[in-house]
Amino acid sequence: MNNFFSVLRNSYKTPEVRQKILFTLLIFLIFRFFAHVPVSGVNVAQLKNLFSSNQFFGLLDIFSGGTLANFSIMALGLNPFINASIILQLLTMVFPKLEELSKEGEAGQRKINQYTRYLTIPLAVLQAFGMYALLRSQNIITTLPLLPLLAFIATMVAGTMLLVWMGELITEKGVGNGISILIFAGIVGRLPSMLGQTASTTTAQNGINLLIFLALGLAVIVSIIVINEATRQITVFYARRVRGNRMTGGQQTHLPLRLNQAGVIPIIFAVSIVLLPSLMANFFQALKNPFFSNIGQTLTLWFNPNGYAYNVTYFLLVVVFTFFYTAVVFNPGKISEEIQKAGGFIPGVRPGKPTATYLSYIMTRITLVGALFLGIIAIFPSIARAATGLQNLLLGGTGILIVVQVVLETFKAIEANLVMRNYEGFLSQ
């Protein structure tokens, strides 16, 4: 705790870091302002009643930061961009040209980010039209002529692209990952109304269950911090070398492998995918064709947020995306090559390919533990609702995980900025 306050104090004293933090807070304020600018032609009061009575829509609203219940111009949130990122990363494994581009460092990553933005636009158009069809089926919005419909879709697409741009600005000129920080801001912004709704429906028995839920939430927060900070230390020795009149090397260090190497990204990816069947179900049920209407009813039955199919699918998606994203960000071959070039070796393991195989084996084992943990955290809301009977507390393990990890990652980013500027006395605080 002392370290936390000392970092905040030192950040305020460092002009560059203070400027980054203030810029991030400014983007927060702009985001919250646009989150309350509604799209014209929508009955907001009726929309809020729908969201308060439907768990699926409530969960969807949490990850949009309350912009969906208000039906602001940012109602689609970052879902189109996240889906575009998933598609591009999957295509990178299929098309050699994209794979080569991903290995070209910062220039290649900028090109992939540009392709992701291009793909976000058609995905946002499709989701905006699906949202219009859903609202029309619920009599929340009237049938629009062609030009007003195009304006409706263009407004929602522009809101999503504005949100993407704001996230990239935070990444470039602020602190931390901009996309994750905006999702964090959305979840935190939704907390007051969610807790108020829970408090208004709390009875004596529910009060006891609420305390149980809060105790479980505290345990989840502690476990998230422990897992997030847990590492497997791989011992690396460096041989002695004579360079000129000096002898270098001959020291022992450790290569830290994080238990949760993928961070919060698998949860965000999995949420974007697992909500698609429910969105399709609402779209199909709005159609007058009996065949599609039956498909929509079946999807609604199977992918109810409290149902087994939904939670099992969610759990498996989190596990799969954890392994997938870890494979993207962790390259055993490259790490093995760098260790070998520096004259290092792992005791009992030959340099080169055997080292890469060994690191891959270790990473697979610890990633399994991290993936199972993330999967359990993801379905924690259903477990908690079944145990306590509180149906209004939609923010469970997923939201807590995003909030805690974004706070930890942002805190580390501030520390890194301070260390880079050689702040005197920082490390001794």
Checklist line | Local electrostatic count, LYS97, Cβ distance below 14 Å [Lys/Arg +1, Asp/Glu -1] | finding: -1
Checklist line | Approximate spin-label separation ASN43-LYS111, in nm, with each point projected 7 Å along Cα-to-Cβ | finding: 5.2
Next item on the list: List every residue whose amide H lies under 5 Å from the amide H of ILE234, counting only residues 5 or more places away in sequence or on a different chain, with H placed 1.01 Å from N in the peptide plane.
Entry: LEU255, LEU257
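In this model, which of LYS173/LYS412; LYS173/LYS334; LYS20/LYS412 are farther than 18 Å apart at the alpha-carbon? Kindly include the intermediate steps, with their values, before the conclusion.
On the way: LYS173/LYS412 16 Å; LYS173/LYS334 29 Å; LYS20/LYS412 14 Å.
Table pairs above 18 Å Cα-Cα are LYS173/LYS334.
Based on the mean of other beta carbon atoms within 10 Å per residue, what is the order of 375-381, 32-38, most packed first?
Numbers: 375-381: 21.1, 32-38: 15.3.
Highest-to-lowest ranking by the protection proxy: 375-381, 32-38.
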Check: What is the extension gain from ASN139 to ILE376, computed as 0.36 nm multiplied by their sequence separation minus the C-alpha to C-alpha distance, in nm to one decimal?
Finding: 81.6 nm
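I want the local charge near THR355. Using Cβ-Cβ distances under 14 Å, sum +1 for each Lys or Arg and -1 for each Asp or Glu among the other residues. List each step's numbers first, then the result.
Working: positive: LYS334, LYS341, ARG350, LYS353; negative: GLU337, GLU338.
Around THR355, the charge tally is +2.
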Margin query: Using 0.36 nm times the number of residues separating ALA215 and ARG9, minus their current alpha carbon distance, what extension gain do you get?
Written below: 71.1 nm
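Where a number appears in this text, it was derived from the coordinates with a stated rule and is not lab data. Keep in mind it's a predicted model, so treat the numbers as computed, not measured. Virtual Cβ from ideal backbone geometry, glycine too; neighbours counted across all protein chains shown.
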